[in-house]
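Read-outs: derived from the displayed coordinates by stated rules, not from any lab. Keep in mind that what you see is a predicted model, and the values were worked out from it rather than measured. Glycine gets a Cβ as well: all are built from the backbone with ideal geometry, and neighbour counts include every protein chain shown.
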Ligand SMILES: Cc1cc2nc3c(=O)[nH]c(=O)nc-3n(C[C@H](O)[C@H](O)[C@H](O)COP(=O)(O)O)c2cc1C
């Protein structure tokens, strides 16, 4: 049976997101990232192309690993300047009906309590079309600017994120019952206090005794996206994610990643296909193969190798400026994205080891993911082949130029895949969760988050205190656990 392939568009509130130097291309409009119209036009284009969602990346630091300085990143606009992703969503939701929005926010620096409310607000305003890409961070500069000397160790970041999610699940799933808001004008009761619970969370990193501030939104918990690819990251994803992003440059690596993820899902007691896996990829397409290859060559001529190495150094946590261009990357230790290092350390299909020069060339367009170049039919063939051979569910499409790369995909590839029965012919009804996974608007019962519901095995709700601790003490009330 022909498998329907899923697609997200991948963007960021900055210029030339994964394609350093392409901001110089005359067709690239990423410099308009500060204009709401860029985003609303993009959202309408993606909905015309029946994309599942727009996934908006984010970082809270600079790529200053390369050359141990942020100079190259600033010069090349390597994801800096970068604006906030969440603030874009309401406007795009207003001009679309179905498109989902996957917004990225880190677990390292913001307290989960206000974050829970911001996501609930967006889920209300979008009528349930919000996804959250849970990231634990990889840029040491982010940690330094938040008052830490360095980021915590790789696996410790995931341990911290575990509790972060626990607090969020308790707030989103366990605090307000569905029928808490009654708006009873006769009795003068807007909300029934017996149906709004104090979550009673008292953990290692966070203490959150009270109630969630928002009433239940269409999905309650946003669709959880995650991109862990290290052993600890995959375990975290298997317990929490409903969509998983990979960034495998070759089919062989992707097949291995997908097999590992599906196995870990089973170990976590979940259906191995309960999660959609999307591989980062870039499509460069046109009416004919020749035109597409000419376009690719032209785009590459704008690509910036210094920008590429700036990104790669940040992702790998390795200063590639310290290596010769023809040196292999070797066995480096990383405290950043372990899978990025692993991808380039393993030999490619022809058994060749990657040297720094190859990484710089590869990284000019589309980050770590592969590029598919050709006519609509040629690209469709390749995408279907990758799906068949790797068991991946879909692709997370980065752009070479925006919105041109997305428009080309909608015009040339979508019709071919649709004709072949490999593209959704229309959107499913309901929330993003139902459109993507087809099992309703709320988290399924077997998901970790559901265990924190009232009456669930991990619920910690406490009776409403009859009196709250006094706040009139003259000493300032410093929270013991703020982070
Ligand atoms: C497609 C993709 C997109 C990602 N987007 C972000 C992002 O926007 N912000 C971020 O801090 N990390 C991002 N990451 C990094 C992941 O959140 C995560 O840190 C990384 O994949 C962890 O890898 P590891 O478990 O192999 O160390 C992304 C990763 C992938 C594969």
* If you take the beta carbon distance between residue 91 and residue 439 as r and set R0 to 35 Å, what does 1/(1 + (r/R0)^6) give as a FRET efficiency, to the nearest 0.05? -> 0.75
* Please order 33, 169, 63 by the number of other Cβ within 10 Å, starting at the fewest. => 33, 63, 169
* To do: Could you list 310, 121 in order of exposure, starting from the residue whose Cβ has the fewest other Cβ atoms within 10 Å?
  => 121, 310
* Structure fact -> Calculated from DSSP helices alone, with each H run of at least 4 adding -39500 (n - 2.57) and the total divided by the residues of the chain, [θ]222 nm to the nearest 500 comes to -10000 deg cm²/dmol
* Asked: What percent antiparallel are the DSSP beta bridges of the chain, to the nearest 5?
  -> 15
* To do: Measure nothing fancy, just the Cα-based angle from helix 112-125's long axis to the longest principal axis of the chain, in degrees from 0 to 90, nearest 10.
  => 80
* **Inter-part distance where the stretch 81-104 and the stretch 130-184 are each reduced to a Cα centre, Å** => 19
* Structure fact -> The distance between the Cα centres of the stretch 365-413 and the stretch 1-31, in whole Å, is 11
* To do: Please determine, in degrees from 0 to 90 and to the nearest 10, the orientation of helix 36-48 with respect to the longest principal axis defined by the Cα atoms of the chain, where the helix direction is its Cα long axis.
  => 80
* How do 381, 123 rank when sorted from fewest to most other Cβ atoms within 10 Å of their own Cβ? -> 381, 123
* Once label points are set 7 Å from the Cα along Cα→Cβ at both residue 84 and residue 252, what is their separation, rounded to one decimal in nm? -> 4.6
* Arrange the peptides 133-141, 264-272, 17-25, 190-198 so that the one whose residues have, on average, the most other Cβ atoms within 10 Å appears first. => 17-25, 133-141, 264-272, 190-198
* Asked: With the Cα gyration tensor of the chain giving a ≥ b ≥ c as the square roots of its eigenvalues, does the rule (a/c under 1.5 for rounded; else a/b larger than b/c for prolate; else oblate) give rounded, prolate or oblate?
  -> prolate
* To do: Can you tell me the 0 to 90 degree angle between the C-alpha axis of helix 231-240 and the longest principal axis of the chain, rounded to 10?
  => 50
